[in-house]
Amino acid sequence: MKNLLSDKESGKPIKVKVGNIIVGGDEKIIISGPCAVESYEDLLSIAKELKKLGVHMLRGGAYKPRTSPYSFQGLEDEGLKIMNEVGKIVDMPLVSEIMDTRDVEKALNYIDVIQIGSRNMYNYSLLKEVGKTNAPILLKRGMSATLEEWIYAAEYIMAEGNLNVILCERGIRTFETYTRNTLDLNSVAVIKQKFRLPVLVDPSHGTGLSELVSPMALTAICAGADGLEIESHICPEKAISDARQTISIKELSKIIEDVNKFTTYF
Ligand code: PEP
Ligand code: MN
């Protein structure tokens, strides 16, 4: 891997600005919210709680890449509109996954950060399309992608002129089946040493188990992650998707408290 835009040799570490928030700076950035946008009322009540905790950005899936086509596919356009309305009320930047090149331009009227999900990391048309914008892009690692393939996916975006790429480790498939994925924190240490892009960690999809979110979130910060993306809900057991890995507001509050302690320690 030589002469890459993302390589540390090619320039200063990249800090991605989202409104007043800087990803890749001194502060550890917390993105949280439900797996899917379920309704205006639910998202608003979650967002109000997250805002109180100092969560930096609100996440919520409008277009959901579900394993089964018969599972809830998200509220789609309506979901983006709900996010936008809630975002204005709580004054938080919004992160949501876009899966189709045809939705990119429209989505930017409603949200601030485009998430490219694990299943779309290899969707080179989509990567090129978001590369033509200057929006911040949260690029999740493909569930079977090597570090090299993931970095090249980031290069697809950067090569089009958009350097505002935030990587997000979300676990990979291994022989282990106890957890949903195996959270590869080696990648975080490598990225911090060799590359100039900020990297977040998603311990929710990384483990699939709510009781493992806190330990792996804190371990991720120790490995050098610039922040975390965590699925949370007022009532996790009632979440329409990914209930088993979703944590409560109280659990999230404790993680944020612990992350802040670590940050002073480092
Ligand atoms: C998500 O964050 O909503 C998601 C679907 O995650 P991933 O793409 O990592 O599976
Ligand atoms: Mn999810």
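The values are calculated or read from the model by the stated rules, or taken from the named source; none is laboratory data. The model shown is predicted, which means the values in this text are computed figures rather than measured ones. Heads up, the Cβs are rebuilt from the backbone with ideal geometry, glycines too, and the neighbour counts pull from every protein chain shown. Please note that ligands, DNA and RNA were not included when accessible areas were found on the heavy atoms of the full protein model with its side chains. Shrake-Rupley method; radii C 1.70, N 1.55, O 1.52, S 1.80 Å.
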In the range 146-182, residue surrounded by the fewest Cβ atoms within 10 Å (Cβ to Cβ) [restricted to those that are within 11 Å of ligand 1 (Cβ to nearest atom) and of a type in the set (A, V, I, L, M, F, W, C)]: 172
Is it fair to say residue 210 is among the hydroxyl-bearing types (Ser, Thr, Tyr), open to solvent by less than 10 Å² (accessible area, probe 1.4 Å) and within 18 Å of the chain's Cα centre (by Cα)? no
Do we find a residue being in a helix (DSSP H, G or I) and surrounded by fewer than 22 Cβ atoms within 10 Å (Cβ to Cβ) anywhere in the range 55-71? no
Here is a check on your reading of the model: is residue 229 within 13 Å of ligand 1 (Cβ to nearest atom), closer than 19 Å to residue 34 by Cα and in contact (Cβ under 8 Å) with a residue 12 or more places away in the chain? yes
Looking across the range 80-132 at residues that are within 16 Å of ligand 2 (Cβ to nearest atom) and over 21 Å from residue 57 (Cα atoms), the single one that is surrounded by the fewest Cβ atoms within 10 Å (Cβ to Cβ) is 119
Being among the hydroxyl-bearing types (Ser, Thr, Tyr) and within 15 Å of ligand 2 (Cβ to nearest atom) is the filter here, so list the residues in the range 22-72 that pass it. 32, 63, 67, 68, 71
Consider residue 239 carefully, then state whether it is within 16 Å of ligand 2 (Cβ to nearest atom) and of a type outside the set (Lys, Arg). yes
Just to check your reading of the model, which residue among 45, 10, 6 is in contact (Cβ under 8 Å) with a residue 12 or more places away in the chain, closer than 24 Å to residue 151 by Cβ and surrounded by fewer than 20 Cβ atoms within 10 Å (Cβ to Cβ)? 10
Looking at the range 24-41, can you tell me whether even one residue there is farther than 25 Å from residue 169 by Cβ and either touching a residue at least 60 places away in the same chain (Cβ under 8 Å) or basic (Lys, Arg) (or both)? yes
Using beta carbons and a limit of 8 Å, which pairs, at least six apart or on different chains, have the first residue in the range 54-79 and touching a residue at least 12 places away in the same chain (Cβ under 8 Å) and within 21 Å of residue 255 (Cβ to Cβ) and the second one within 13 Å of ligand 2 (Cβ to nearest atom) and acidic (Asp, Glu)? 59/229; 59/231; 61/97
Among (1) part of a loop (DSSP other than H, G, I, E, B); (2) away from ligand 2 (no atom under 16 Å from the Cβ), residue 75 falls short only on (2)
Across the range 19-42, which residue is surrounded by the most Cβ atoms within 10 Å (Cβ to Cβ) among those that are within 24 Å of residue 192 (Cβ to Cβ) and among the β-branched types (Val, Ile, Thr)? 31
Taking into account only those residues within the range 216-253 that are among the β-branched types (Val, Ile, Thr) and in a helix (DSSP H, G or I), which is surrounded by the fewest Cβ atoms within 10 Å (Cβ to Cβ)? 219
